[in-house]
Every structure is written in C-alpha cells, then in structure tokens.
Amino acid sequence: MNFNIEEGRYIILGSVDGLLATLGIIIGVSIGNVGNSIVVGAALGGAIALAMTNSLGAYLAESAVEYGKLTVTEKSLLRKLENTYVESLTRKKIMRDSATHGVSSFIGSLVPISPYLLSTGSPIISIGLSLIALALLGFYSGFISKRNYIISIIKMVGLGMIIVIMVNVLKLGR
Amino acid sequence: MIGNMAQIKRLVLDVLKPHEPTIIQLAHDLGDVDNVDGVNLSLYEVDQQTENVKITIEGSDISYNLVEHVIENLGGVVHSVDEIAAGKKIVEEEETLHDR
C-alpha cells in the first residue's frame with residue numbers, strides 16, 4: 001500500500017480542526033435558540049473560512065519549510081535546482097499538502113453541520129456525530145502511528161470531549 | 001573530425017545527487033535514453049543531504065548530452081567522467097605494471 005504519512009498528518013490536523021471548530025460554532029449559536037438556517041449559515045461560513053485559512057496556512061508553512069530544505073540541498077550539490085524534477089516534486093508536495101489540509105478541514109466541518117442540513121439538527125446530535133468521527137480519526141491515527149488503536153481512539157475522543165465541555169462551560173452564545 | 005565522431009559505447013560517471021528522486025527512478029530515466037542498452041547504478045557514499053552514485057551506461061550510440069540532461073533534471077551533478085569507451089567495439093582497460 002503506497003501510503004504517504006505526510007498526507008495523514010494533514011488529514012488528521014484538518015479534520016480535527018474542522019470538526020471541533022465548527023462544533024464550537026454550532027454549540028455557541030444554538031445556545032441562543034436561533035433557527036436552523038442561522039445555525040447552518042454560521043457553521044458553513046465558519047467551515048469555509050476555516051478550510052481556506054487552513055489551506056493557505058499549510059501552503060505558506062510548507063512553502064517556507066520545503067524551499068528551505070531545497071536550499072540546503074542546493075548548497076550541498078553546489079548547484080541550483082530551479083526548473084528540475086526535484087523542484088517540481090517540491091511544488092507538488094506543497095500543493096498536495098495545502099489541498100489536503102483545506103479539504104480535510106471542510107469535510108470535518110460537514111460532520112457536525114450535517115444534521116442541520118437535513119433539518120434534524122440539535123447540538124446533542126452534532127456532538128454525538130462528532131465524537132463518532134473523532135473515534136474514526138483516532139483509529140486512523142493508530143493506523144498511521146502503528147500504535148495501540150484503543151489508546152489512539154480514547155485520546156482523540158477524550159480531547160474532543162474536553163473541548164466540547166469547555167465550550168459548554170464558557171457558554172459563549174449567551 | 002567533428003560530425004563523424006566515434007559512437008560512445010560505454011560511459012562511467014561519478015554523480016552527486018539528492019536522496020529524492022531515488023536511484024531507481026534515475027535508472028529508469030537513464031534506461032529510457034535513446035540508444036542506451038543498459039544501465040548500472042551503485043550507491044557508494046551517503047551524506048546527510050546527498051549521495052554519490054557510480055553510473056555505468058552501455059549502448060550503441062550514447063549521447064552524453066542527453067545523459068547529462070537526464071541527470072541534471074533529476075537534481076544530480078556529474079562530478080567526473082571516470083571511463084568512456086567509443087568506437088566500433090568496447091575496448092577493456094588493460095592492466096599495466098602500475099596496477100599490480
């Protein structure tokens with residue numbers, strides 16, 4: 001199986017980001033007893049903004065790191081690597097990581113929004129679905145790290161629950 | 001006599017290259033060069049950023065420029081041309097008293 005661990009990093013980063021940030025928006029907005037369309041509007045707006053900023057952030061960070069690595073290699077080779085296959089690999093990696101982070105973030109965001117899109121939304125259903133998604137991400141994380149799957153799932157779901165509890169305690173929507 | 005030069009049959013190069021792409025891809029690309037019958041790449045030194053590879057290429061009429069272009073496109077640098085055989089047939093190096 002040709003598995004790129006770098007993509008796994010951005011799938012987890014983006015998905016967790018999208019899931020929990022959007023869940024936070026939904027919990028915050030729904031505390032005010034607003035209509036379904038307002039929750040969907042706020043959550044989708046947040047999801048799109050988050051996907052774009054995550055994608056842009058990954059692009060900028062990866063560009064700095066990968067071109068830095070390329071410069072170090074150029075110094076060792078005593079030649080420039082512009083317009084070579086090596087530079088094209090660097091560019092592809094930056095674009096792939098940027099897209100993976102943005103798309104994962106958006107897909108993650110859709111999980112807590114989905115009940116509201118189907119007009120059956122409530123914060124409890126969104127929290128439940130998000131915890132299931134976090135458990136799947138924990139399983140995936142265990143697969144990548146080749147460590148104990150159960151511990152990865154508990155860690156992922158536990159951290160998600162802490163964030164949900166904190167958002168509820170703060171009650172930012174009131 | 002330019003324009004009617006003897007055909008290169010064997011080329012041995014010392015190449016410095018980054019770790020990526022691997023020597024497998026370099027071997028594939030060099031093997032695809034026109035008139036190349038076979039290639040042999042052996043890694044003899046690995047550094048933190050780079051690696052040194054000895055490349056042996058045999059063929060009927062090898063174009064050095066094309067070979068160099070493939071190596072440079074994959075990020076490599078030809079350090080030296082260590083051996084070259086040209087003409088109607090490959091002439092092997094003879095051992096002399098100095099080599100004994």
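Rule-based calculations on the coordinates, nothing more; no lab input. In this text the structure is predicted, and so the values were computed from the model without any measurement. Cβ sites come from the backbone with ideal geometry, for glycine too, and all protein chains shown count toward neighbours.
Quick look at the numbers
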| quantity | calculated |
| --- | --- |
| Proximal charge balance of A:Leu60 [Cβ under 12 Å; K/R count +1, D/E count -1] | -3 |
| The protein assembly as shown, dipole about Cα centre (Lys/Arg Cβ +1, Asp/Glu Cβ -1), debye to the nearest 20 | 2020 |
| Cα shape, chain B, gyration tensor, a/c 1.5 rule | oblate |
| Gaussian network model of chain B, Cα within-10 Å springs - most flexible of B:Asp14, B:Asp47, B:Asp32 | B:Asp47 |
| Axial C-alpha extent at least 20 Å, average Kyte-Doolittle at least 1.6 - helices from chain A (DSSP) | A:123-145, A:149-170 |
| Residue of A:Arg79, A:Arg147, A:Arg91 that the Gaussian network model of chain A assigns the largest fluctuation, springs spanning Cα pairs under 10 Å | A:Arg79 |
| GNM top mover of A:Lys80, A:Lys93, A:Lys155 - chain A, alpha-carbon springs below 10 Å | A:Lys80 |
| Selected from B:Pro21, B:Leu97, B:Val46, residue furthest toward positive end of dipole (chain B; charges at beta carbon) | B:Leu97 |
